[in-house]
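Down below is the structure, laid out as structure tokens.
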Amino acid sequence: MSIIYDGSIDKIVYKTVFGETMEAIANADSNVVYLDADLMGSIGTTGFWKRNPKQAINVGIAEANMAGIAAGLSAAGKKPYLHTFGPFASRRIYDQVFLSIAYAGNNARIFGSDPGVAAAFNGGTHMPFEDLALYRAIPHSTVIEISDGAMLEALMWQVKDRSGLTYTRLTRKAYPTIYSKDHKFTIGKGEIIRKGTDATIIACGLMVGEALAAAEKLATDDINVQVIDMFTIKPLDVDLVLEAAKTGIIITAENHNVIGGLGDAVASTLLEAGVAPKFKRIGIEESFGQVGPQDFLQKHYGLTAENIEKTLRDIL
């Protein structure tokens, strides 16, 4: 298994990975069209746009129109990729995405950047804690959260020929390196990135690195914790969740509202299967976003390895 986590942060920020990969995908497939709502400089695609204006379009600060354009491109046989900040990729364009893309049977790959506390100094209005919930509610949608740079590159390629609506959450910065460049990902299947028998942490995105750090700290007291990267929130890897329940304890950890996200997806899976391990959701509880450094925000909302560790110790 090509897991190379050692706690170090990816050397290349994800906006660079996104920009380079997006251009490579467009160069490989003339039907790919990239759309952005005036944030190309923020996500590393400005150079691509200048070199290939026929396949990269800046629609301006008009996110709802961008979704409509994507629907038209899809209907004409193109493969649209869309990017904007997470709140605009979800709350602002929800009706257009729901009707013009999903309901109409079109195909689109939507990327929402800097979700949750990753928005940092952009502030509360730019800090979506509900985007996963919104996209999970759309019939036949696929919902993904990126946990490292190797995954981002691989999944950007994978969604190119995927039918229907795909929403992918990502940061523009960088998280801890978890996977080698040759790691093979399967959409809809979680990754066991640390084995353990005493409990399981199921995490996504930002919280995967925090979960691994917590598990390493717990191991010093001979508490062996399994960590799962559930990067596909929908469709959820039901079989892996039920297998994880055999450890007797499951904690979910997400940079998202505890309502409607990964925690709720795992909880409903367990309940419907009649499986009842000890269970706790870690995430945002009844709070809006705010301005601040990301490390401060993580501590404020309990999105830290220390809080995961404490929560698990309390359960034990």
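How do 288, 296, 279 rank by accessible surface area computed with a 1.4 Å probe, from largest to smallest?
Result, largest first: 288, 296, 279.
Helix 14-28 against the longest principal axis of the chain: what's the angle in degrees, Cα atoms only, rounded to the nearest 10?
Between the helix axis and the principal axis of the chain, the angle is about 50 degrees.
Pick from 117, 241, 227: which is most flexible by mean-square fluctuation in a GNM of the chain where alpha carbon atoms under 10 Å apart are linked?
Residue with maximal mean-square fluctuation among 117, 241, 227: 241.
Residue by residue, what Karplus-based ³J(HN,Hα) values in Hz, rounded to whole numbers, does the range 126-138 have, using 6.51, -1.76 and 1.60 with θ = phi - 60° and x for Gly and Pro?
Each residue's phi maps through the Karplus curve to give 9, 10, x, 10, 10, 5, 5, 4, 4, 6, 4, 7, 7 Hz.
Would you kindly derive the ³J(HN,Hα) couplings of the range 233-244 from the backbone phi angles with the Karplus curve 6.51 cos²θ - 1.76 cosθ + 1.60 (θ = phi - 60°), listing them in order in whole Hz, with x for Gly and Pro?
Result, ordered by residue: 7, 8, x, 6, 7, 4, 4, 5, 4, 5, 5, 5 Hz.
Gain in length, residue 295 to residue 242, computed as 0.36 nm per residue apart minus the alpha-carbon separation, to one decimal in nm? Write down the numbers at each step before the final one.
Details: separation 53, 0.36 × 53 = 19.08 nm, distance 3.29 nm.
Length difference between fully extended and current span is 15.8 nm.
Filter 181/280; 11/299; 160/278; 173/278; 173/299; 15/299 down to the pairs with a C-alpha to C-alpha distance above 30 Å, please. Working shown, then result.
On the way: 181/280 33 Å; 11/299 24 Å; 160/278 39 Å; 173/278 34 Å; 173/299 18 Å; 15/299 25 Å.
The pairs that break the limit, which is 30 Å between Cα atoms, are 181/280; 160/278; 173/278.
With the other protein chains left in place, how much accessible area per residue, in square angstrom, belongs to the chain at a 1.4 angstrom probe?
Values: 12650 Å² over 316 residues.
Ligands and nucleic acids excluded, the figure is 40 Å² per residue.
Using only Cα atoms, locate the centre of the range 193-207 and the centre of the range 1-78, then give the distance between them in Å, rounded to an integer.
30 Å
With just the Cα atoms defining each centre, how far is the range 244-315 from the range 120-184? Give it in Å.
Result: 18 Å between the Cα centres.
Over the chain, with every protein chain in place, what whole percent of the accessible area is carbon and sulfur at 1.4 Å, could you tell me? If you can, show how the numbers build up before the last one.
Numbers: 6650 of 12650 Å².
Looking at the chain in its full context, I get 53 percent from C and S.
Got a sec to turn the phi values of the range 81-86 into Karplus ³J(HN,Hα) couplings, 6.51 cos²θ - 1.76 cosθ + 1.60 with θ = phi - 60°, whole Hz, x for Gly and Pro?
Here the 3J(HN,Hα) series is 10, 10, 9, 6, 4, x Hz.
Sequence-distant or interchain residues sharing an amide H contact under 5 Å with residue 253, placed H: which?
For residue 253, the qualifying residues are 202, 203, 204, 282.
Looking at the chain, send over the antiparallel percent of its DSSP beta bridges, to the nearest 5. List each step's numbers first, then the result.
Values: 7 of 45 bridges.
Of the beta bridges lying entirely in the chain, close to 15 percent run antiparallel.
Hey, what number do you get for the chain at 222 nm if only DSSP H runs of n ≥ 4 count, each worth -39500 (n - 2.57), divided across all residues, to the nearest 500? The partial results should precede the final answer.
Details: 11 runs with 105 residues, N = 316.
Calculated at 222 nm, the ellipticity per residue is -9500 deg cm²/dmol.
Taking springs between alpha-carbon atoms closer than 10 angstrom, which of 286, 130, 210 fluctuates most in the Gaussian network model of the chain?
Highest fluctuation among the options: 286.
Can you figure out the FRET efficiency of residue 163 with residue 268, using R₀ = 30 Å and their beta-carbon distance, to the nearest 0.05? Display every interim value, and only then the final one.
Numbers: r = 25 Å, r/R0 = 0.83.
Efficiency for this residue pair is about 0.75.
Could you tell me how many degrees, from 0 to 90 and to the nearest 10, lie between the Cα long axis of helix 149-158 and the main elongation axis, the longest principal axis, of the Cα atoms of the chain?
On a 0 to 90 degree scale, this one is about 50.
Any chance you could give the angle, 0 to 90 degrees and rounded to 10, that helix 305-315 forms with the longest Cα principal axis of the chain?
Between the helix axis and the principal axis of the chain, the angle is about 40 degrees.
If you rank 109, 92, 51 by how much accessible surface each has, with a 1.4 Å probe, what is the order from largest down?
The ordering from most to least exposed comes out as 51, 92, 109.
What is the chain's relative contact order, in percent, from Cα pairs under 8 angstrom and six or more apart in sequence?
On the way: 689 pairs, mean separation 57.7, N = 316.
In percent, rounded to a whole number, it is 18.
The values are calculated or read from the model by the stated rules, or taken from the named source; none is laboratory data. Since the model is a prediction, treat every value here as computed from it, not as a measurement. Glycine gets a Cβ as well: all are built from the backbone with ideal geometry, and neighbour counts include every protein chain shown. Keep in mind that these areas ignore ligands, DNA and RNA; they rest on the heavy atoms of the full protein, side chains included. Shrake-Rupley method; radii C 1.70, N 1.55, O 1.52, S 1.80 Å.
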